[in-house]
1. Quick check on the stretch A:42-60. Is at least one of its residues closer than 25 Å to residue A:145 by Cα, in contact (Cβ under 8 Å) with a residue 60 or more places away in the chain and crowded, with 24+ Cβ neighbours inside 10 Å?
2. Which residue pairs have Cβ atoms closer than 7 Å, lie 6 or more positions apart in sequence or on different chains, and pair a first residue in the stretch B:308-327 that is at pLDDT 60 or above with a second residue that is part of a loop (DSSP other than H, G, I, E, B)?
3. Would you mind stating whether residue B:143 is within 14 Å of chain A (Cβ to nearest Cβ), within 24 Å of residue B:295 (Cα to Cα) and without any contact (Cβ under 8 Å) to a residue 40 or more places away in the chain?
4. Could you grab me the full set of residues in the stretch A:153-179 that are more than 23 Å from residue A:108 (Cα to Cα) and within 14 Å of another protein chain (Cβ to nearest Cβ)?
5. Quick one: in the stretch A:134-152, of everything that is more than 14 Å from every other protein chain (Cβ to nearest Cβ) and surrounded by fewer than 16 Cβ atoms within 10 Å (Cβ to Cβ), which residue is nearest to residue A:189 (Cα to Cα)?
6. So residue B:225 fits all but one of (1) at pLDDT 90 or above; (2) closer than 15 Å to residue B:356 by Cβ; what number is the exception?
7. Inside the stretch A:217-244, can you point out the residues that are surrounded by 17 or more Cβ atoms within 10 Å (Cβ to Cβ) and assigned to a strand (DSSP E or B)?
């Protein structure tokens, strides 16, 4: 059984991008450093991150404009190229190099871009259902065009998992609920700035540069990025391993936390 | 008051169960199942004829606008229509109101400067230059602009267009979204320094500020009547006053659906099905297309969520019928007396100087549209024109040559 999260992360702000941004970074855990890049809807400190934090010090930067950063910071970021370099600024400010990098969905694409741009910088790469490629025969679902109430069914094959239920729990306090909902939508808008209308910004031309040992984790029933994309990613990244998770959708690390967390830890610590 | 006829150019013959069978009237309605190109050719021609008829009947202006991939109103380039209208109305004191080319998706935006200048030249200086932000359906879904960039692109396009019209020297444009090495458009507009600019909006504070700061006419295009609009319009006027601007009613444009017949009962008989067609079918827009994340800025988003979320409308259009739409003021309908009384009250309450009336609605056939225009022009218009005369304002947002008697141009 998954254990519940022991403690929440600490927040810190780093002045980067010539002082135009105060980047928000969440930190938790003990052990060697690890960098986590969140998905399109913003950072949520979920049970998967809680699990990683029992073995690593997890640094999770927030995309400018999302989470605890200033919502207007998104206007300082003009392109995907800017996003990659801002992440570089953040890692520089944290003094992180030679560290493992984990990313989910939008964050998987971003992690792949970072690992392709700085092949020496990351010791391991874990991409969980990353976006970033495009197949005519199996197009990626436009998650921004899905009514909010349909979002859980799109994201999760298995809604029953306790980790998923904890993620979907909404604040009881009315004002907190308003802000949580607004931040959720705003985060989709911020990340959408770099992938709308088609989440293919040329990553396939750059993926061959990734040199970190790579693990790809995919839910077999992913309704956002179909599982066929796992082989496409693997074909571009030398030696990449693919882990397909039965009974899981787009968020296998929560839907099947008990399988995915040990597998990821084994890969990172192996 | 200046009164212009607005036309959307909808598909007039959607199936009876359209809103049950199809997901949305906008973005994804299947052309091959629903539409017929021969009929559409007829609709475009009727639309032009109806607007020219309005011009000849004495309306002050005729309006077209830009939308894509829908059965609600599909003039993908309103300037093609505007061009035909400009030529056909030469010699008449009527403004060609383009409401208009969507700024963030016209590439490069000097295309708007050029096409509007052409229309101003063809019409002899009768152009009103509408500068819309564009709907999320058109800009984000049909034309692929990231929602988060739409407003920034709008501002840059606006600045570029105005500079392209007014700069005396050729210049280079080094923008965030557009770079042009040598900007020197031919032609430039007849109207100097540039044609009057109208900014359509849907109630966001940023657009009120933009219009007020630039001294443009802010146009609230609402289908939900003047009672529902009162809050938005009051907010706009409060903003205008805060900025120390005058309360010239011509700073505000407003769109109103209007149907006129001999009596109130006759109006219901003739127009009910077309009004219901409009609200049930033409406004059958999938909510996810209307509210993509990033389209509203942060402040508006928080405001919306706090007020109870997305979807915007508190009314369920499908459950409403003609009488509901009339009672709510969505449509001003009835005999000439009824219509003119309500329009006068509406104009006074909202402080509207530039009124736009939608005289073709939904599935309305051509002959009935001509009747509506005719009755409106003869029996209503003369009774509402003088509304602001006692206050003595000048309509700075109207083509100069149409403000005072001028020799006709050809």
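The values are calculated or read from the model by the stated rules, or taken from the named source; none is laboratory data. Just so you know, these numbers come straight off a predicted model, no measurement behind them. Every residue, glycine as well, gets a Cβ built from its backbone with ideal geometry; the counts of neighbours run over all protein chains shown.
1. Among the residues of the stretch A:42-60, not one is closer than 25 Å to residue A:145 by Cα, in contact (Cβ under 8 Å) with a residue 60 or more places away in the chain and crowded, with 24+ Cβ neighbours inside 10 Å, which makes the answer no.
2. B:317/B:283
3. Details: within 14 Å of chain A (Cβ to nearest Cβ): yes; within 24 Å of residue B:295 (Cα to Cα): yes; without any contact (Cβ under 8 Å) to a residue 40 or more places away in the chain: no.
Answer is no for this residue.
4. A:170, A:171, A:173, A:174, A:175, A:176, A:177, A:178, A:179
5. Looking at the filtered set, the residue picked out is A:152.
6. Among (1) at pLDDT 90 or above; (2) closer than 15 Å to residue B:356 by Cβ, residue B:225 violates only (1).
7. Selection gives A:217, A:218, A:219, A:243.
Residues checked against (1) surrounded by 14 or more Cβ atoms within 10 Å (Cβ to Cβ); (2) at pLDDT below 95:
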| position | (1), (2) |
| --- | --- |
| B:301 | yes, yes |
| B:338 | yes, no |
| B:348 | no, no |
| B:361 | yes, no |
| B:368 | yes, no |
| B:371 | yes, no |
| B:379 | yes, no |
| B:388 | yes, no |
